[in-house]
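The values are calculated or read from the model by the stated rules, or taken from the named source; none is laboratory data. Everything numeric here is computed off the predicted structure, so don't read it as measured data. Don't worry about glycine lacking a Cβ; one is built from the backbone with ideal geometry, like all the others, and counts go over all protein chains shown. Note: areas computed on protein heavy atoms with side chains; ligands, DNA, RNA excluded. Shrake-Rupley method; radii C 1.70, N 1.55, O 1.52, S 1.80 Å.
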Protein chains: 2
Amino acid sequence: MTLNQILEQLKLAGYKATATRTLILETLIKNHELILSADEIYLMVKLENAKINRSTVYRNLEILSEENLLYKTITDQGVTKVKLRCCDKHHHHLICDRCGKIVVFDQCASDLYREFAQGHGFLLTGHTLELHGICKNCQLLERV
Amino acid sequence: MTLNQILEQLKLAGYKATATRTLILETLIKNHELILSADEIYLMVKLENAKINRSTVYRNLEILSEENLLYKTITDQGVTKVKLRCCDKHHHHLICDRCGKIVVFDQCASDLYREFAQGHGFLLTGHTLELHGICKNCQLLERV
DNA sequence: TTTGGTGCAAAGCGTTTGCACCCGC
DNA sequence: GCGGGTGCAAACGCTTTGCACCAAA
């Protein structure tokens, strides 16, 4: 999804294309293969524009999330990390815990999960699956 | 795992069997099929003993976690929830998002995950899988 | 008696919110 | 000019920590 497509969708929902919002979106697009914290996004934008506030990042992420444009996860330390959704097809992620690199994992046993839940009287409302590891690049860096 | 077995393991690690610690452990054992927040544990213990502090709960959960006796997860809201580990066999959980009820899900495609990660140059260090739903009891309550 | 444990209050930290001012449209 | 957007500072909620006192072993 390009910057203009996202801005267009936001416009239809009543949101404006401001300079700061554009910088945040450009950061997310440029790093679409990384999962980032609000603070990381804040710092990245700050490198190009001294005038940005953390709360602006949070408010923009909230809007993107409402528009269903954001994939969110939360680390063991309780920090929320996000990336732009890459496609509509159901999938999960393989995440590098060092650098945040993302690989799409699209083999999901959703049918098995639903049947298992039903078998135990549960109505399945969702599931989470994340593979965590260290990418090739970070493995090489570790050897230094 | 019984209360005495846990206290024995803690003793070997240099920890004492205090009254408050015992109350926390009894609460975890009694509710072994529920996933609880620190605050829920605090309130449950408080019902039986006016003298307990939230920080004591956190400190005890930290010790249990170091002793590998605790399963931890974190909600979308950033609240950590715990339960005593029920067995050593690798497994995941089906969780009721209303009442916290837990069902063990032991069909895990770990081999597939490892192969997928290796195929992308990753060293797989772990994975998370949680099924979320509403248990039969909570479904019935909702209809009221 | 030694050393870990606890309650209390304050601090930490990521995140949210109220408010005044700013800026797309 | 209207209504959404932003920076700033303060508040929030969960969790951690420093400290003095308590209690297991």
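Residues that are within 20 Å of A:ILE29 (Cα to Cα), at least 2 per element: which helices (runs of 4 or more DSSP H) completely within the range A:51-144 meet that?
A:54-66
Looking at the range B:53-97, which of its residues are within 12 Å of DNA strand C (Cβ to nearest atom) and on the phi > 0 side of the Ramachandran plot?
Correct list: B:GLY78 only.
Results for (1) out of contact with any Leu (no Cβ under 7 Å at 6 or more places or on another chain); (2) open to solvent by less than 30 Å² (accessible area, probe 1.4 Å); (3) within 10 Å of chain A (Cβ to nearest Cβ), shown as yes or no for each residue.
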position: B:ASN68; (1), (2), (3): yes, no, no
position: B:THR75; (1), (2), (3): yes, no, yes
position: B:VAL79; (1), (2), (3): yes, no, yes
position: B:CYS86; (1), (2), (3): yes, no, no
position: B:HIS91; (1), (2), (3): yes, no, no
position: B:PHE122; (1), (2), (3): no, yes, yes
position: B:THR125; (1), (2), (3): yes, no, yes
position: B:LEU129; (1), (2), (3): no, yes, yes
position: B:HIS132; (1), (2), (3): yes, no, yes
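Condition check: polar (S, T, N, Q), surrounded by 13 or more Cβ atoms within 10 Å (Cβ to Cβ) and within 11 Å of chain A (Cβ to nearest Cβ). Does B:GLN139 satisfy that?
Answer is yes for this residue.
Would you tally the residues in the range B:5-21 being within 8 Å of DNA strand C (Cβ to nearest atom) and either closer than 15 Å to B:GLU67 by Cα or in a helix (DSSP H, G or I) (or both)?
Count: 7.
When you check A:LEU47 against the structure, is it more than 22 Å from A:THR73 (Cα to Cα), away from chain B (no Cβ under 14 Å) and more than 12 Å from DNA strand D (Cβ to nearest atom), yes or no?
Here the answer is yes, as A:LEU47 does meet what is asked.
Return the residues of the range B:23-38 that are surrounded by 14 or more Cβ atoms within 10 Å (Cβ to Cβ) and either part of a helix (DSSP H, G or I) or within 13 Å of DNA strand C (Cβ to nearest atom) (or both); say none if nothing qualifies.
Within the range B:23-38, B:LEU23, B:ILE24, B:LEU25, B:GLU26, B:THR27, B:LEU28, B:ALA38 qualify.
For the range A:50-65, which residues satisfy the criterion of being more than 6 Å from DNA strand D (Cβ to nearest atom) and more than 14 Å from chain B (Cβ to nearest Cβ)?
A:ALA50, A:ARG54, A:VAL57, A:ILE63, A:LEU64
Among the β-branched types (Val, Ile, Thr) and more than 8 Å from DNA strand D (Cβ to nearest atom), is that true of A:THR27?
yes
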